[in-house]
1. Can you list residues from other chains, or at least 5 along the same chain, whose modelled amide H is less than 5 Å from the amide H of Leu36?
2. Counting only other residues whose beta carbon sits under 14 Å from that of Gly170, what net charge do I get with K and R as +1, D and E as -1?
3. Let me check I've understood the local charge: for Ala125, count other residues with C-beta under 14 angstrom from its C-beta, Lys and Arg +1, Asp and Glu -1. What total comes out?
4. If you build the convex hull over the alpha carbons only and average its shadow over all orientations, what do you get for segment 73-159? Give it in nm² to one decimal.
5. Only Cα pairs under 8 Å and at least 6 apart count here; give the relative contact order of the chain as a rounded whole percent.
6. What dipole magnitude, in Debye to the nearest 20, does the chain give about its Cα centre under +1 on Lys/Arg Cβ and -1 on Asp/Glu Cβ?
7. Under a GNM of the chain (C-alpha, springs under 10 Å), which listed residue has the highest mean-square fluctuation: Met145, Met112, Met162?
8. I want to verify a result. In a Gaussian network model of the chain, Cα cutoff 10 Å, which of these has the top mean-square fluctuation: Pro242, Pro215, Pro69?
Amino acid sequence: MLNGVLPPLPTPFAADGAPDFGLLCDLVLSLNATPLAGYLVLGSNGEAVHLEVDEAVEAIGSVRAAAGPGRTVLAGTGQLGTRATIEMTRRAAGAGADAVLVLTPYYFKGAMTEEALRRHFEAVADASPVPVLLYNVPANTGLNMPPAVAAALAGHQNVAGMKDSAGDVGQLAELVRVTRGSGAFDVLSGNFGAALPGYAVGCVGAILAVANVAPRECAAIREAFLAGRLDEARELHLRLLPVARAVTTRFGVPGLKAALEMLGRPAGVPRGPLLPLGEAARREVEATLRAAGLLG
């Protein structure tokens, strides 16, 4: 179902904390001119946990309208409970999402056995009007979904794949191995460092924060790999690696929003409790963008 590179869009907020959906649409319109396959709205970089339900639904509708035809709109709908996840998934589908990305429930992580996770995702997939992708992001949840869970769910007719952001190439390979005989189940990397190696082991695409900042370059890495131009893919990957770290593990969402502002594609400020990037960190982000050839 999903092939190519998608950015997890940031959600712009004004200084008073109100969401700025006009700015969100402007960001999507600016990215429409690039070879991206679509957009993820309400992922981790979209500060999904900071939005109220009605705000989240409006964000999905805004991205759907701005994206236009031909691009997939994926919406994050994972909540801490199964019932709430199903309700959010239905509302996302009603707002125009083509598919949903469902985070592992993590609050009672000690009780999230393979059976508990399998039952949760099965219930969501059974009730969802659109295809479901599993979402594993242990850096944020403290819970790493075992490949065995993906294998057990891969045969479900409404489970379309998985975004794995663990950054473990071995785990990506294992996910591909245990699900590839189960029909249409796509594995995507959610970690830039693992994206190029991920293509080599069978990932069909990637959902990358840095694709907001360098969309053409991120798409070009995959295109070069698929065309057998491995040296070109490797050099682009290595050039973007410091930028990818700056807008994820180094400075997170505030770093991503600062980078986009520097590139002339503002995405507002973070919503509390996240703080805007300080001046010293901004200078580091700017220097990183310049070193990668993305500024000036």
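Derivation of every value follows stated rules applied to the coordinates shown; laboratory data play no part. On a predicted model such as this, the values are computed, not experimentally measured, just so you know. Heads up, the Cβs are rebuilt from the backbone with ideal geometry, glycines too, and the neighbour counts pull from every protein chain shown.
1. none
2. Working: positive: Arg177; negative: Asp164, Asp168, Glu174.
With Lys, Arg at +1 and Asp, Glu at -1, the neighbours total -2.
3. Details: positive: Arg90, Arg118, Arg119; negative: Glu122, Asp126.
It works out to a net charge of +1.
4. Numbers: hull surface 20.1 nm².
Taking a quarter of the hull surface, the average projection is 5.0 nm².
5. On the way: 586 pairs, mean separation 54.4, N = 296.
18 percent.
6. Details: 24 positive and 27 negative charges, 80 e Å.
So the dipole magnitude of the chain works out to roughly 380 debye.
7. Largest GNM mean-square fluctuation: Met112.
8. Evaluated over the chain, the most mobile residue of the options is Pro69.
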